[in-house]
Structure formats: C-alpha cells, structure tokens
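First comes the structure, then the notes that go with it.
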Amino acid sequence: MIRPATPTDIPAIHALIRELAEYEKALEEAKATEEQLHEALFGSRPAAYAHVATDDATDAVIGYAIWFLNFSTWRGVHGIYLEDLYVRPTARGGGHGKALLTELARICVERGYQRLEWSVLNWNTPAIDFYQALGARPQDEWTVYRLTDEALAKASGTS
C-alpha cells in the first residue's frame, strides 16, 4: 500500500534514509535528524513531501519516496523532483518501488506538472535497469554540480 507519510512515520523514514545512505556507501554523509525531517515534511512551511510503502500484512513502513516541487522555465509549470526512492532489500520485487513512482506520476498528471525527475548513481545498475524498464531515460547531456560545506561558504562570501 502507498500512502502519504504522517508524522508518526518519521522514525521509520529516518531509519530507511540511513539504510539508503549505507547502500550508497555514504552513511557518514547522512546527517539529517528526525527533528529536521519532521520540520521539512510537516513544519509550518513544508519544503518536501513524502509517501511511504507499507507491508500489506504488517502495515510496517518498508519503503519511501521523498520529493519536492521544481519549476521548468521552459515549460512554465512545476514538476516533481524525486530526492529519494528506497525500498528495503527484503521487500524488493513486490512492486513497491513501482507503486511509489506510479503515485508520483499520478500526482504530476493530476496537478498539470509536466516532469518527474531524479538522479541515480552511475554504478547503481539495478536501479538504472528498474527505471529504464519503466520508460525513464537518462539525461546524459547534463552534469550535476553541487556546492557544499567549505565551497558553499566560500561561494557565499561568508568565509
């Protein structure tokens, strides 16, 4: 079952985020706290949204999608940027990942958004195969750039 996340899902989502970070070989970079997630998803000015996949038998949270709105100046409308999509390895193959993506695609169509985008690590072949089987295509002509930590402070002129 796929449903919007609730505040009571925060501990499970946080645990899954840490599992994803470990899978991506970057656990030390996963610094978000449960309090930060709660504020981002359910605070007075939510910056992101989340859906969860639950086990049909136990109702336990076994996967999640965290997303936010982006905007295309070329299309003139919002889209969804999928920050994270993760399903526990023991629950993979049950259609939960596809159901989460289907729900986000449904939201796009319902609201008139024209893009659903995300990034995937180049070495994550199982995820790439899964996305391509759904009809997603890589945007090879773009390279993602990121400023963090000291470089971000330097660019801001504050260090």
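The values are calculated or read from the model by the stated rules, or taken from the named source; none is laboratory data. Source: prediction; values computed, not measured. With ideal geometry, Cβ positions are generated from the backbone for all residues, glycine too; neighbour counts draw on all protein chains shown. Please note that ligands, DNA and RNA were not included when accessible areas were found on the heavy atoms of the full protein model with its side chains. Shrake-Rupley method; radii C 1.70, N 1.55, O 1.52, S 1.80 Å.
Taken per residue, the accessible surface of the stretch 1-129 reaches 59 Å², heavy atoms only and a 1.4 Å probe.
FRET efficiency for the pair E141 and V77, taken as 1/(1 + (r/R0)^6) with r the Cβ-Cβ distance and R0 = 22 Å, rounds to 0.55. These residues, W74, W123, W118, go from largest to smallest accessible area, 1.4 Å probe, as W74, W123, W118. Within the chain, the longest run free of exposed loop sites, counting trypsin sites (Lys or Arg not before Pro) that sit outside DSSP helix and strand states (H, G, I, E, B) and have at most 10 other Cβ atoms within 10 Å, spans 32-145.
Fully extending the segment from A155 to A48 would add 36.0 nm, taking 0.36 nm per residue of separation and subtracting the current Cα-Cα distance. Relative contact order of the stretch 20-65: 20 percent, from C-alpha pairs under 8 Å at least 6 residues apart in sequence. On the accessible surface of the stretch 75-132, probed at 1.4 Å, how many percent belong to carbon and sulfur atoms? Summing carbon and sulfur atoms, their accessible area is 51 percent of the total for the stretch 75-132. Ellipsoid semi-axes for the stretch 1-138, based on the Cα gyration tensor and the rule √(5λ), read 22, 19, 16 Å when sorted largest first. Taking a ≥ b ≥ c as the square roots of the eigenvalues of the alpha-carbon gyration tensor, the stretch 27-106 is classed oblate because a/c is 1.5 or more while a/b is no larger than b/c. Per-atom-type breakdown for the stretch 3-50 gives carbon and sulfur 56% of the accessible area (1.4 Å probe, protein chains only). Shape class of the stretch 88-129 from the alpha-carbon gyration tensor: oblate, with a/c at 1.5 or above and b/c at least as large as a/b.
Using a cutoff of 8 angstrom between alpha carbon atoms and counting only pairs six or more residues apart, the relative contact order for the chain works out to 17 percent. With a Förster radius of 22 Å applied to the C-beta separation of F68 and I128, the computed FRET efficiency comes to 0.45.
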